[in-house]
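*Asks:* Just passing along the structure, written as structure tokens.
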Amino acid sequence: MSKVLVSDSIDRAGIDILSQVATVDVKLGLKPEELIKIIGEYDALMIRSGTRVTQEVIEAGAHLKIIGRAGVGVDNVDVPAATRQGIVVVNSPEGNTIAAAEHAVAMMLSLSRHIPDANASVKKGEWDRKTFVGAEVYKKTLGIVGLGKIGSHVAAVAKAMGMKLLAFDPFISRERAEQIGCQLVDLDLLVQQADYITLHIPKTPETTHLINSEMLKKMKPTTRIINCARGGIIDEEALAVAIKEGTIAGAALDVYESEPLKESPLKSLGKEMVLTPHLGASTTEAQVNVAVDVAEQIRDVLLGLPARSAVNIPGLSPDILEELKPYMQLSETLGNLVGQLAGGRVELLNVSLQGELATNRSQPLVVAALKGLLFQALRERVNYVNASIEAKERGIRVIETRDDSIKDYAGSLHLEATGNLGTHSVTGALLGNGEIRVTNIDGFPINVPPSHHMLFTVHRDMPGIIGKIGSLLGSFNVNIASMQVGRKIVRGDAVMVLSLDDPLPEGILAEIIKVPGIRDAYTVTL
Ligand SMILES: NC(=O)c1ccc[n+]([C@@H]2O[C@H](COP(=O)([O-])OP(=O)(O)OC[C@H]3O[C@@H](n4cnc5c(N)ncnc54)[C@H](O)[C@@H]3O)[C@@H](O)[C@H]2O)c1
Ligand SMILES: O=C(O)CC[C@@H](O)C(=O)O
């Protein structure tokens, strides 16, 4: 039975799903070195934002197939390291959207009406109604940075509260922003005009310290800023100075450059600073949503099924996978075949989608072709997750082409591999019943199903040559299951494709090449 380690607090609903297929160990609060020590025993790791899955953890996780992040952000996982090791990383892109959006709105109102400090004051026995005079959000301008899932929900709620909405998101169209009720503007204009600014962007090299002292100086002294996205998008030192000096009116933060928040100038600020300990996703509803979403994906991957929200298998969503599944197998087989025909080091792979296939998404088919191509070199180490990165690291360039005018089969796939030993090509298609047919080798038309052991020859089309190869194989006790010859012109060059019941014994290929008329011979194991 598979083993799953749950190293952050996850809702019971998720543990129950995992327990259907695996032994589940819940070990909270592990130190990095403790995690590294035990991770080698596990097939899957399920986390929230508390566990840092570093390169060292991933390298120690020799059996890891999947890392599941019960939440959106995967910035606590070294995704490139996981990808290189062929580990799927999944998240729950929508499970906590509402929770995080509502937290941002709650933070905006708390900050505006000084609720946390007023609450603390009443609990201390005071009745101070002067200190806590607040500001209304009605008719004020809210600047939303990042108009994705959370940003859009914040927009809807803020609109209902009568706020005017500006948004900055370089990846969203003006029409989409208008549909949400936002005016799309550039960041400079947003920070200059907004009374409230709320951040809903991922942390990337471009967004790190996006809000720095220079940006803070452009804001109005009445501006309040809310960050429920990721720590480090705001420069915390600069923010503390800006609030102390009255450059802006206040801030509400749920996330920090380093968590848990330890010594920080943010803590010494008064009612103009509201701090929560990364609670954006902490609602009962969101925790059930993300736990179920991610546990189901871990269960599926452990059962050999695809994950619906893998962050490191681009383009392989379940819908696309379902539609392309038969062609993925075709592509992988052809990749494996052309890789063996090319031999040596492949430098360029041309993947051509033909006929009906030309209108399809090519990326999953390219990934499958690369997986097949690299199989001889990497065996079980190559999978859909790391095939592209492994190919890139080996300097294999990929060109994709499409030709919907080729109508020999409903849809066919043509792969051409160029390497240090020359160029080879294969074409394949699917029959109506889904069976794979190899329909062309190096420009010679054939029609053969792939089989485990195969022998390919290029020879002069002349009488007697096929018989000679047959006798030679017979003398080595190799049984031929099927044989086919493809040629372009009579008595020109031809290819012969033999499916064999047994692997070719050592040395026989050299004998085959010596047969007069044989130009080349290749063995292939699929
Ligand atoms: N505090 C929490 O507990 C909590 C909970 C959930 C999500 N989050 C965080 O909230 C953030 C938003 O999550 P989401 O689900 O809405 O993500 P999303 O992917 O749906 O939206 C992000 C948006 O940011 C935009 N964007 C990217 N780079 C940008 C840039 N440089 N400038 C402006 N816009 C940019 C994208 O186009 C996208 O529309 C993420 O950082 C996520 O990790 C925090
Ligand atoms: O695990 C959490 O509670 C935080 C989740 C949140 O930051 C996310 O990115 O989904």
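The values are calculated or read from the model by the stated rules, or taken from the named source; none is laboratory data. Everything numeric in this text was worked out from a predicted model, so none of it was measured. Reconstructed Cβ throughout: ideal geometry from the backbone, glycine too, with neighbour counts over all protein chains shown. Ligands, DNA and RNA are excluded from the accessible area calculation, which covers all protein heavy atoms including side chains. Shrake-Rupley method; radii C 1.70, N 1.55, O 1.52, S 1.80 Å.
*Asks:* When you scan the stretch 156-179, how many residues do you find that are in contact with a helix residue (DSSP H, G or I) (Cβ under 6 Å, 6 or more places away or on another chain), crowded, with 20+ Cβ neighbours inside 10 Å and over 22 Å from LEU239 (Cβ atoms)?
*Replies:* 1
*Asks:* Just to be sure, is GLU206 outside the structural domain of VAL77 (by TED's automatic domain parsing), open to solvent by 30 Å² or more (accessible area, probe 1.4 Å) and away from ligand 2 (no atom under 16 Å from the Cβ)?
*Replies:* yes
*Asks:* Still on this structure, I have one more. Of all residues in the stretch 256-314, which are open to solvent by less than 60 Å² (accessible area, probe 1.4 Å), within 14 Å of ligand 2 (Cβ to nearest atom) and more than 26 Å from the chain's Cα centre (by Cα)?
*Replies:* Matches in the stretch 256-314: THR276, THR283.
*Asks:* Residues ARG224, ARG230: which one is in contact with a Lys or Arg (Cβ under 6 Å, 6 or more places away or on another chain) and open to solvent by 10 Å² or more (accessible area, probe 1.4 Å)?
*Replies:* When all the criteria are applied, what remains is ARG230.
*Asks:* Still on this model: Could you list, in sequence order, the residues of the stretch 129-154 that are surrounded by fewer than 23 Cβ atoms within 10 Å (Cβ to Cβ) and part of a helix (DSSP H, G or I)?
*Replies:* LYS149, HIS153
For (1) of a type outside the set (Ser, Thr, Tyr); (2) over 21 Å from the mean Cα position of the chain (by Cα), each residue gets a yes or a no:
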residue: SER7; (1), (2): no, yes
residue: LEU35; (1), (2): yes, yes
residue: ILE39; (1), (2): yes, yes
residue: ILE47; (1), (2): yes, no
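*Asks:* Further question on the same structure: Looking only at the stretch 333-352, count how many residues are more than 19 Å from THR523 (Cβ to Cβ) and crowded, with 20+ Cβ neighbours inside 10 Å.
*Replies:* 3
*Asks:* Considering each residue of the stretch 368-381, count those that are within 18 Å of VAL88 (Cβ to Cβ) and open to solvent by less than 10 Å² (accessible area, probe 1.4 Å), and give that number.
*Replies:* Residues meeting the conditions: 3.
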